[in-house]
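Report on one structure; see the data block that follows.
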Amino acid sequence: MIELEHVSFAYPEQGPSVQDVSFRLEKGEFVAILGANGAGKTTTVRLIDGLLRPTSGRVLVAGADTRESQVSERARRVGFLFQNPDRQICKNTVREEILFGLQTVRADEGEAALQARTEEVLRDFAFTGEEEPFSLSRGQRQRVALASILAVEPEVLILDEPTTGLDYRECCHIMDRIRRMNEEQQTTVIMVCHDMEVVLDYARRALVMAEGKLLADGKVPEIFRDSALMERASILPPQMIGLGLRLGGGLENACSPEEMADAVMAKSNKKGGAQHA
Amino acid sequence: MIQIQDLSFTYKGEKTPALQEIRLSVPDGGFLGVIGPAGAGKTTLARAITGMIPHHYPGEYYGSVTVNGLDTVETSLNDLSRQVGMVFQDVESQIISPMVEDELLYGLENFGVPREEIPARIDEALGKTGILNLRDRSIASLSGGQRQKVAIASIIALHPRVLVLDEPTGELDPRSSRQVFSFLKELNEEQGVTVILIEQKIMLLCEFARQLAVLSEGRIARQGETREVLAHAEELQALGVNCPRVTTLSMLLTDRSGTPQPVCVNLEEAEQMVRRFLP
C-alpha cells in the first residue's frame, strides 16, 4: 500500500530531517510513528501524504510515486487529520464542511450522491449539520475534521497527534471511531502520537524514529519492552509495561491494569489476604 | 495564598455560568493541579485568578478572589501581574516578539527590571527551560514545543510569586513535558512559587501536584490531596476524567485481594505495592 525506499528529506538551509528511511505498510495496518520532538515523524507523514517530496529516494502510495501523481488523486486516497482542527475547517456549518471535502475530491459522482453521503456521515457522527464549527469545543471541532475526512473514504488515514488538547472522553471518541474505520473498511492508519497509552491501546505496529532515522520497526507491545531502544529514542513506555519491566518474572507481558492485576493475583501466595503496608 | 470564595461568573452575552460557587484555597507554596473535561471552566478559573476576569472579560461576577491579599476586582491588572504570571494555552496569542530574546526582554523592561539585572534573568529563564540555544532564533522558525518553552521562559523571567499555567505542555513530547513539570516542581519547592497547573496529562499531574481540583460543568466536583481525590477514580471516570493506570491497578488489586491497597500515583509506588503480593 505504502512504500518508502531510502527516503531522505532536508528542509532548505537546514540539516536533513529524514535520512535514508525505508519501510512498507500493507493495507489495513494500524501503525504509530514514535519519537521525540524533532525526530522526523511529522516530516515522514508529510512525505507519505505528498505534501513534501523526498530529496532522494522514492515514496510510493498504491504503486504511484508521489513525485508523479496528481494532488487530486492523492487527496482521494490519503486523508490527513491535523493536530489542530482549525487548520482544516473552513466552512460555516458542519454540513457545508463535509460536503465541501467531498466536492473537492469526489466531484465526478454528482451533487445528489455527495449530498446523500454528507447526510449519512452527519448521522453517523450525530451532528445535525447546522452546527457552526467555530462555536464548538476543540474536541467537537476535531470530530468535524475527522467526519469530513471519513466522508471521502480514503484508503489511508494519517493522524498527526490527533488527541492533543482533547480531554479523555473526547480522545476515546476520536480514537474509537478511527479504530472502527480501520477494522471495518481496512483503512490503513498511520498515527504520530505522543501519548504512549493511546499507542498501546490502538496501534498494532510501531516505527521508532530518532534524529531523522528509523531506529526500529516492530509490534506494539514488544517494541515498548525494548528498554535500550526506548532510552535511545527518548520514549517512556506506557505505565503498565514500565511496571512489568521493573518487576519481571512474566509480569512484563501485561499491557493493561486488568492484565497486570490478573497476573499478580495468579502469582500471589496471599490470595485474599495481602497485607496493607 | 489564593482564596476563592463563592465565585460565580457568566461571560457577557452567555446564559449559562462558566463557573458556579467555586470555593478553593491554595496555600503559599502550594502545587495545585486542575483537571476536568473540555468546557468544565478550567480556563475561566485561570482567568479569574490572574484578574483577566473581570478586567478583560466582562460578565456577571459574584463572590471574590484574593491573591496574596489583593482582591482581583479592586486591584489593577498591572499590579496583579507582578504577583501572578500566566502561561496561556494558546501560545500564539501570548508571544508578541519576532525573536526569542526580545520576547523575554519585553516583559522584563515592562516590569522595570534594572538594566544590569536583565542579562542574568534571561540566562536563568532560558537555562531552566532548556532553550539557551534558541536565544537568537526567530519565533517563526520554532516548533510548537519550542514556542511553548519560550512562553514559559518569558513568564518565569519575571519571577512571579504565583504561576498559573493552562495546558503548557500540549505540544511537547513526553520527555519535554516531564522536564517542564520537574522544573515547576523545583520552582515550587526551592523558591516557594505557588503553582496552579491545568493539565490533561493525568499521569504527570498526579505525580507532581500535591493537591487536585476536578472541575465539571463549572463546579468543583472534588478537591483535596491528590491521593484522596484519586481514591474516587470511578466517580472521576463518570465525569470524563481518566486516572493514571497505576491508580487503576491499585483499585483492581484492592477489589481482587479483598484488602485495601494504597492509592499509587507513580511507578515506584506501584512496584512496592505489587511486590508485597509476590512470593
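Of everything in segment B:169-184, what is away from chain A (no Cβ under 12 Å) and in contact (Cβ under 8 Å) with a residue 60 or more places away in the chain? Give them in sequence order. Passing the criteria: only B:Leu184. Suppose the filter is within 22 Å of the chain's Cα centre (by Cα), of a type outside the set (A, V, I, L, M, F, W, C), in the same structural domain as B:Ser177 (by TED's automatic domain parsing) and within 23 Å of B:Asp166 (Cα to Cα); does B:Ser154 pass it? Yes, satisfied. Within the span defined as segment A:154-162, one or more residues are over 29 Å from A:Pro237 (Cα atoms) and assigned by TED's automatic domain parsing to the domain that holds A:Gly28. Across segment B:189-197, not a single residue is classified as small (Gly, Ala, Ser) and assigned to a helix (DSSP H, G or I).
Among strands (runs of 3 or more DSSP E) entirely within segment A:158-255, having at least 2 residues that are of a type in the set (Gly, Ala, Ser) singles out A:205-210, A:213-219. Being surrounded by fewer than 21 Cβ atoms within 10 Å (Cβ to Cβ), under 21 Å from A:Glu170 (Cβ atoms) and at pLDDT 90 or above is the requirement here; does A:Glu120 meet it? The answer is no for A:Glu120.
The residues listed here are B:Ser8, B:Ser64; of these, the one that is in contact with a Phe, Trp or Tyr (Cβ under 7 Å, 6 or more places away or on another chain), farther than 30 Å from B:Glu186 by Cβ and among the polar types (S, T, N, Q) is B:Ser8. If you go through segment B:144-171 and pick out every residue that is over 15 Å from B:Arg121 (Cα atoms) and touching a Phe, Trp or Tyr at 6+ places or on another chain (Cβ under 7 Å), you end up with 1.
One residue alone among B:Gln148, B:Gln200 is crowded, with 23+ Cβ neighbours inside 10 Å, in a helix (DSSP H, G or I), in the same structural domain as B:Asn78 (by TED's automatic domain parsing) and not basic (Lys, Arg), and that residue is B:Gln148.
Within segment B:228-249, restricting attention to residues that are facing chain A (nearest Cβ under 9 Å) and part of a helix (DSSP H, G or I), the residue that is farthest from B:Leu32 (Cα to Cα) is B:Leu249. All of B:Gly127, B:Gly112, B:Gly107 fail the test of being in the same structural domain as B:Leu187 (by TED's automatic domain parsing) and at positive phi, apart from B:Gly112. The single condition from (1) touching a helix residue (DSSP H, G or I) at 6+ places or on another chain (Cβ under 7 Å); (2) within 14 Å of another protein chain (Cβ to nearest Cβ); (3) outside any helix (DSSP H, G or I) that A:Gln142 fails is (3). On the stretch given as segment B:31-56, residues that are away from chain A (no Cβ under 14 Å) and under 19 Å from B:Lys201 (Cα atoms) total 5. The condition (being out of contact with any Pro (no Cβ under 6 Å at 6 or more places or on another chain), without any contact (Cβ under 8 Å) to a residue 40 or more places away in the chain and more than 10 Å from chain B (Cβ to nearest Cβ)) is satisfied by just one residue among A:Asp195, A:Asp217, A:Asp262, A:Asp176: A:Asp176.
Applying the condition of being polar (S, T, N, Q) and within 7 Å of chain A (Cβ to nearest Cβ) to segment B:250-271 and asking which residue is surrounded by the fewest Cβ atoms within 10 Å (Cβ to Cβ) yields B:Thr259.
Of the candidates B:Arg135, B:Arg161, the single residue that is away from chain A (no Cβ under 14 Å), within 24 Å of B:Phe111 (Cα to Cα), within 15 Å of the chain's Cα centre (by Cα) and surrounded by fewer than 18 Cβ atoms within 10 Å (Cβ to Cβ) is B:Arg161.
A quick yes/no check of all residues on (1) more than 26 Å from B:Ile202 (Cβ to Cβ); (2) assigned by TED's automatic domain parsing to the domain that holds A:Val78; (3) out of contact with any strand residue (DSSP E or B) (no Cβ under 6 Å at 6 or more places or on another chain):
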residue	(1), (2), (3)
A:Glu184	yes, yes, yes
A:Val192	no, yes, no
A:Tyr202	no, yes, yes
A:Leu214	yes, yes, no
A:Ser227	no, yes, yes
A:Met230	no, yes, yes
A:Arg246	no, no, yes
A:Gly249	yes, no, yes
A:Asn253	no, no, yes
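Among the numbered criteria (1) crowded, with 22+ Cβ neighbours inside 10 Å; (2) in contact (Cβ under 8 Å) with a residue 40 or more places away in the chain; (3) within 14 Å of chain A (Cβ to nearest Cβ), which single criterion is violated by B:Ala140? So the condition that B:Ala140 fails would be (1). Among all residue pairs at least 6 apart or on different chains, which show Cβ distances below 8 Å where the first residue, located in segment B:31-49, is assigned by TED's automatic domain parsing to the domain that holds B:Tyr62 and the second is part of a strand (DSSP E or B) and basic (Lys, Arg)? Partner pairs satisfying both residue conditions: B:Gly41/B:Arg219. Taken together, B:Ala213, B:Ala221 contain a single residue that is in contact with a strand residue (DSSP E or B) (Cβ under 8 Å, 6 or more places away or on another chain) and either at the interface with chain A (Cβ under 10 Å from one of its Cβ atoms) or crowded, with 21+ Cβ neighbours inside 10 Å (or both), which is B:Ala213. Residues that are among the polar types (S, T, N, Q), exposed (fewer than 15 other Cβ atoms within 10 Å of the Cβ) and outside any strand (DSSP E or B): does segment A:61-75 have at least one? Within segment A:61-75 (the criterion being among the polar types (S, T, N, Q), exposed (fewer than 15 other Cβ atoms within 10 Å of the Cβ) and outside any strand (DSSP E or B)), the answer is yes, since at least one residue qualifies.
The values are calculated or read from the model by the stated rules, or taken from the named source; none is laboratory data. Keep in mind the model is a prediction, meaning the values are calculated, not measured. Cβ coordinates were reconstructed from backbone atoms using ideal geometry, including for glycine residues, and neighbour counts include every protein chain displayed.
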